[in-house]
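Step one of this worksheet: look at the structure below.
The values are calculated or read from the model by the stated rules, or taken from the named source; none is laboratory data. For clarity, every value in this text was computed on a predicted model and none was experimentally measured. Here the Cβ is made from the backbone with ideal geometry for all residues, glycine too, and neighbour counts use every protein chain on show. Each accessible area value is taken on the protein alone, full model and side chains, heavy atoms only, with ligands, DNA and RNA left out. Shrake-Rupley method; radii C 1.70, N 1.55, O 1.52, S 1.80 Å.
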Amino acid sequence: MRFIKPLCILLLTYTFTAGYLFEVPALPILNETIRALYLHVPMWFTMIFLLLLSSFHSYRYVSNGDILHDMKSYNFAHIGVYFGILGLLTGMVWARYTWGTFWTNDPKLNGSAIGLLIYFGYFILRSSIDDESKRGKISSVYNVFSFSMLIPLIFILPRLTDSLHPGNGGNPGFNVYDMNSQLRLVFYPAVVGFILLGLWISEIRLKMLKLNQK
Amino acid sequence: MMFNFFTLFILLQDVAMADAMRSNGKIFVVVVISLIILFSLFLYLYRIEKKIESIKKNK
């Protein structure tokens, strides 16, 4: 993938300049912290994207048994969870100065924490099995399961109750009113840029894993 | 006393300085600092990738 690196550098440079300089809506309580949207939310988008790729490769491994798919799925899960941890940490700092505490009992916070714990379970499961094909099969099945757990935990359950996160607790069709066109101008490039950064890092780590295998 | 007058004089005068980095509440400084970090991270990733490639070739 030739275009990943230049496009990633371009989009993230844009994010890190326009993100600070462009005008944002002036809202009470949020103030300038609204700009954290450009950094905090793309972490989660990147995590979801990488974990989706991971479970896709797990599915491929189960169906055709190529060990490369197992390696890829482990690799994507690893980088994806890193982005998830970054999302949690940045969200905690943001919450401290807008909601008042580092951690609230918001369903989205608890859901994403549980989701990450499920993935920690995946890594422990992997490292506890020595036999290569057995490890691949068991952890692949677990991985597909954990991604399908993540969707209700992050996207469905927070909508069923009240959540402090905008766009949750109620009809997602009204999300249009939560973000205006000024924010979108930086937000979407930021999401793509961070996803490409995640792909870049996974590419490097996959090369390393392949070297270790030989 | 002399010093105080001097500082007051400087403060009152509109001295031309490199004001570009100080406008808008000095936000440009933050931009430059984050860009430095971002680009050094990119450079680091790039170098690691090159190193892994060379190890691959030597094997």
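Over segment A:32-213, accessible surface divided per residue gives 49 Å², non-protein components excluded, 1.4 Å probe. In chain A, the longest principal axis of the Cα atoms and the axis of helix A:181-213 are about 20 degrees apart.
Of A:Y122, A:Y59, B:Y46, A:Y14, the residue with the largest accessible area leads and the full order is A:Y59, B:Y46, A:Y14, A:Y122 (1.4 Å probe).
Buried between B and A is an accessible area of approximately 1700 Å², summed over both sides with a 1.4 Å probe. Here A:K137 is the anchor, and the lysines within straight C-alpha reach of less than 27 Å, apart from those fewer than 8 places off in the same chain, are A:K72, A:K207, A:K210, A:K214. Residues of segment A:8-55 whose accessible area (probe 1.4 Å, heavy atoms of protein chains only) drops by at least 50 Å² once all protein chains are present, relative to their chain alone: A:F16, A:Y20, A:L21. If you fit an axis through the alpha-carbon atoms of helix A:107-127 and take the longest principal axis of the Cα set of chain A, what angle between them do you get, 0 to 90°, nearest 10? The helix A:107-127 is inclined about 20 degrees to chain A. For every other residue with a beta carbon closer than 13 angstrom to the beta carbon of B:L43, add +1 if it is Lys or Arg and -1 if Asp or Glu, then tell me the sum. Taking every other residue near B:L43 into account, the sum is +3.
To the nearest 10, the accessible area of A:H40 is 20 Å² with a 1.4 Å probe. Computed about its Cα centre, the charge dipole of chain A is approximately 580 debye, with only Lys, Arg, Asp and Glu carrying charge at their Cβ. For the protein assembly as shown, the fraction of 1.4 Å probe accessible surface lying on carbon and sulfur atoms is 70 percent. A simple count of charges around A:Y61, restricted to other residues whose Cβ falls under 13 Å of its Cβ and scoring Lys, Arg +1 and Asp, Glu -1, yields +3. Relative contact order of segment A:32-213: 30 percent, from C-alpha pairs under 8 Å at least 6 residues apart in sequence. Each residue of segment A:148-163 was assigned a 3J(HN,Hα) from its phi angle through the Karplus expression (A = 6.51, B = -1.76, C = 1.60, θ = phi - 60°), giving 6, 6, 5, 4, x, 5, 9, 9, 9, 4, x, 7, 6, 10, 7, 9 Hz with x at Gly and Pro. In segment A:179-214, the residues whose accessible area drops by at least 40 square angstrom when the other protein chains are added to the isolated chain are A:W200, A:I204, A:K207, A:L211; the probe is 1.4 Å and only protein heavy atoms count.
On full extension of the chain, what length is gained from A:L211 through A:F145, given 0.36 nm per residue of separation minus the C-alpha to C-alpha distance? Provide the component values of the computation, followed by the final result.
Details: separation 66, 0.36 × 66 = 23.76 nm, distance 2.90 nm.
Extra length available between A:L211 and A:F145 comes to 20.9 nm.
Taken one residue at a time, the phi angles of segment A:62-70 give Karplus couplings (6.51, -1.76, 1.60, θ = phi - 60°) of 4, 7, 10, x, 7, 5, 4, 5, 4 Hz. Gly and Pro are set to x.
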